[in-house]
Amino acid sequence: MQNQQVFECPKQNRREMKTMGEEGKAMSMADRKRTHFVLVHGIGGGAWCWYKIRCLMENCGYMVSCIDLQGAGNDRSDADSILSFDDYNQPLMDFMSALPDTEKVILVGHSAGGLSVTQATHKFPNKIRLAVYVAATMLKSGFLTDQDIKDGVPDLSQFGDVYELGFGLGAEQPPTSAIVKKEFQRKIIYQMSPQEDSTLAAMLLRPGPILALMSARFKDEEDSAEKVGRVYIRTMHDNVIKPDQQEAMLKKWPPSHVHVVDSDHSPFFSAPFSLFGILLKVAATSAGCN
């Protein structure tokens, strides 16, 4: 997984680069080297899910960091032991805290990673050049109301009994972790993705700490989150964060720009060039925010 040279950007993809927008192409190599993308996975995922996007970015000169949140990827914490959102998101908070005060990053969150991005905008607004939500939960204050839950939490009931649940606090208490059963993963999460990517995901997905995620609530007395520009990338064939949920969140907390990608819930697999192109464009248009 660490060898990312197998997925190359140039020659055949230069034709695709032409469709990625003149703004993205116009960035100089110096600008690219100064552009630092920080990519945050969704529940059950890990830094690994960004391998195509990371390779494209690095081959084209951008700086990229991919975060493993607690209990995800190479972090071996047990999801059933992670009970607060602050604990779950601590790796991102530590990363942001360690950044030099003079550096601003483009922070990208997928799915539940949108909650991680939002917390970062509350706590580190001066270190974030732009917040990008990819098929993500985008709620300014987290899960404060029943409507927030309706808008931001996946409802997979139409697919039947799809979850394997963990009960770290006991069988009589609410579940502490969840993962979509392997037999449902491709149908729900990766229906437009290459078979090899959904196979990879089935090998690497881990239970996510749902109790911790549902505790995500953000207080912002200084309205710091409004200091950070936001972009939303909609996924048109999403079975997880469905289009009507995305629309509801966009209306509640409108970002500066909305882009659309013709993909399932996982555009980093199903539409990597389209997603990469949008990220290039937003990087170029936000360049003056450095």
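So the values come out like this:
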item	result
Residue satisfying all of: in segment 221-241; of a type outside the set (Val, Ile, Thr) and under 15 Å from the mean Cα position of the chain (by Cα); nearest to residue 186 (Cα to Cα) among these	238
Every residue from segment 133-166 that is among the β-branched types (Val, Ile, Thr), in a loop (DSSP other than H, G, I, E, B) and in contact with a Leu (Cβ under 8 Å, 6 or more places away or on another chain)	137, 162
Matching residues, segment 125-146, being of a type outside the set (A, V, I, L, M) and either in contact with a strand residue (DSSP E or B) (Cβ under 7 Å, 6 or more places away or on another chain) or touching a residue at least 24 places away in the same chain (Cβ under 8 Å) (or both)	125, 126, 127, 129, 133, 137, 140, 141, 142, 143
Test: residue in segment 188-202 that is modelled with pLDDT of 95 or more, hydrophobic (A, V, I, L, M, F, W, C) and in contact with a Cys (Cβ under 8 Å, 6 or more places away or on another chain)	yes
Selected residue (only one of 200, 280, 204, 250 is out of contact with any strand residue (DSSP E or B) (no Cβ under 9 Å at 6 or more places or on another chain) and farther than 30 Å from residue 78 by Cα)	280
Output for segment 189-206, where each listed residue is in contact (Cβ under 8 Å) with a residue 12 or more places away in the chain and among the acidic types (Asp, Glu)	197
Whichever residue in segment 126-153 is among the charged types (D, E, K, R) and farther than 23 Å from residue 259 by Cα and, among such residues, is least open to solvent (accessible area, probe 1.4 Å)	127
Hits in segment 31-54 - residues which are touching a Phe, Trp or Tyr at 6+ places or on another chain (Cβ under 8 Å) and farther than 19 Å from residue 105 by Cβ	51, 52
Segment 87-109 - residue that is within 30 Å of residue 169 (Cα to Cα), open to solvent by 10 Å² or more (accessible area, probe 1.4 Å) and in contact (Cβ under 8 Å) with a residue 12 or more places away in the chain and, of those, farthest from the chain's Cα centre (by Cα)	87
Enumeration of residues in segment 154-176 that are more than 28 Å from residue 250 (Cβ to Cβ) and surrounded by fewer than 16 Cβ atoms within 10 Å (Cβ to Cβ)	160, 161, 164, 165, 167, 169, 170, 171, 172, 173, 174
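The values are calculated or read from the model by the stated rules, or taken from the named source; none is laboratory data. Please read all numbers here as calculations on a predicted model, not as lab measurements. When we count neighbours, we look across all protein chains shown, and the Cβ atoms used for this are built from the backbone with ideal geometry, even at glycine. Calculation scope for accessible area: heavy atoms of the full protein, side chains included, ligands and nucleic acids excluded. Shrake-Rupley method; radii C 1.70, N 1.55, O 1.52, S 1.80 Å.
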